[in-house]
Each structure stands twice: as C-alpha cells, then as structure tokens.
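Chemist: Next up is a structure, given as structure tokens.
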Amino acid sequence: MISSWVLGGARKFLAEKAISIGGKLCSIVSNHALIGGFGNTIDNGVGILSHAIITGDVNIGEGSLINKAVIISHDAKIGCYCEISPGAKILGRTTIGDRTEIGTNAAILPDVIIGSDCKVGAGAVVTKNVPDGLIVVGIPAKPLLK
C-alpha cells in the first residue's frame, strides 16, 4: 500500500492548510484547453493545463490536476486530489479514485475502475480494474512486485 501522503495526500494537506487560514480553492483552466460544453462538472481547486481535451459528461473532483495534452473521454469520473500526467488518455466510462496518479502517456481503457491511492506508471496501458493502493506498470498494466 502506498502512503496517501506520497500521492494526492500532499495536495489535499496543502489545500486544507490554505482553507484553515482563510484561503479559498479556485479552479484554473488554460485558455488552450478544449472542454466540451455538455454535462461536465469541475470542482473547486482543479487545474487544467494547456491542450487538455475533456469531452462530455466528465466529473473532475476537488483539487485534481489535469496536465498538458491529457485526453479525458466521455462519462469519466476523476476523484479528488488526483494527478493526471502529460499525455495520459482516460477513455470512456472510466472511474479514477481519490488521490490517484496517472503517469505520463498512460492509457486507461474504457470501463476500467482504478481505486483510490493508486499509481499508474508512465506508458502503462490499464485494461482491467485496479484495487485501492496498488502501483501498476507495463503493457498490459500489472501490479508492481516489491
């Protein structure tokens, strides 16, 4: 099991600290991101960087970071305090749990559920569900052995 501090836990901790001293979470969306106009929900504190593409009916949880050139397809759900690295592709009807990191150029295939506190390695292709707290790598993605 990965410490949640290593993943999105640090992002959540800093957000809670900012709020405790009177700060307010706000989302930042690049003018160069393409976000569909149908059914998308973007919570507070989300960052969406340039050339990200978000289609329709996508939910992005509080404090998550959607990096450059990420593609998130229809009906996807991204949990709170996640980080989606540059070039990652999240395909239709996918669910990503809270505090999970998706590596650079990884691909999550349709209908896959990735649990909370997970990490998907760079370039991995996730074809099956991933339980909470696992690190997966490779093509197809498999749990990293310790």
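Chemist: List the number of the failed condition for residue 38; all other conditions in (1) surrounded by 14 or more Cβ atoms within 10 Å (Cβ to Cβ); (2) over 16 Å from the mean Cα position of the chain (by Cα) hold.
Modeler: Among (1) surrounded by 14 or more Cβ atoms within 10 Å (Cβ to Cβ); (2) over 16 Å from the mean Cα position of the chain (by Cα), the lone unmet condition for residue 38 is (1).
Chemist: Also, I was wondering about something else. Any idea which of 100, 94 is modelled with pLDDT of 95 or more, in contact with a helix residue (DSSP H, G or I) (Cβ under 8 Å, 6 or more places away or on another chain) and among the hydroxyl-bearing types (Ser, Thr, Tyr)?
Modeler: Sole residue among the options that is modelled with pLDDT of 95 or more, in contact with a helix residue (DSSP H, G or I) (Cβ under 8 Å, 6 or more places away or on another chain) and among the hydroxyl-bearing types (Ser, Thr, Tyr): 100.
Chemist: Hey, does the range 69-91 have a residue that's within 21 Å of residue 139 (Cα to Cα) and touching a residue at least 60 places away in the same chain (Cβ under 8 Å)?
Modeler: yes
Chemist: If I filter the range 41-92 down to residues being in contact with a Cys (Cβ under 8 Å, 6 or more places away or on another chain) and in a loop (DSSP other than H, G, I, E, B), which single residue comes out as surrounded by the fewest Cβ atoms within 10 Å (Cβ to Cβ)?
Modeler: Out of the qualifying residues, it is 44.
Chemist: Count, please, the residues in the range 93-120 that happen to be farther than 23 Å from residue 62 by Cβ and crowded, with 20+ Cβ neighbours inside 10 Å.
Modeler: The total comes to 1.
Chemist: Now a separate question. List the residue pairs whose Cβ atoms are under 6 Å apart, where the first residue sits in the range 103-115 and is β-branched (Val, Ile, Thr), the second is part of a strand (DSSP E or B), and the two are 6 or more positions apart or on different chains.
Modeler: Every condition considered, the pairs that remain are 108/90; 108/126; 112/126; 113/95; 114/96; 114/130.
Chemist: I want to confirm something. Restricting to the range 121-132 and keeping residues that are among the hydrophobic types (A, V, I, L, M, F, W, C) and assigned to a loop (DSSP other than H, G, I, E, B), which single residue is surrounded by the most Cβ atoms within 10 Å (Cβ to Cβ)?
Modeler: That would be 124.
The values are calculated or read from the model by the stated rules, or taken from the named source; none is laboratory data. Please read these numbers as outputs of a predicted model, since none were measured by experiment. Every residue, glycine as well, gets a Cβ built from its backbone with ideal geometry; the counts of neighbours run over all protein chains shown.
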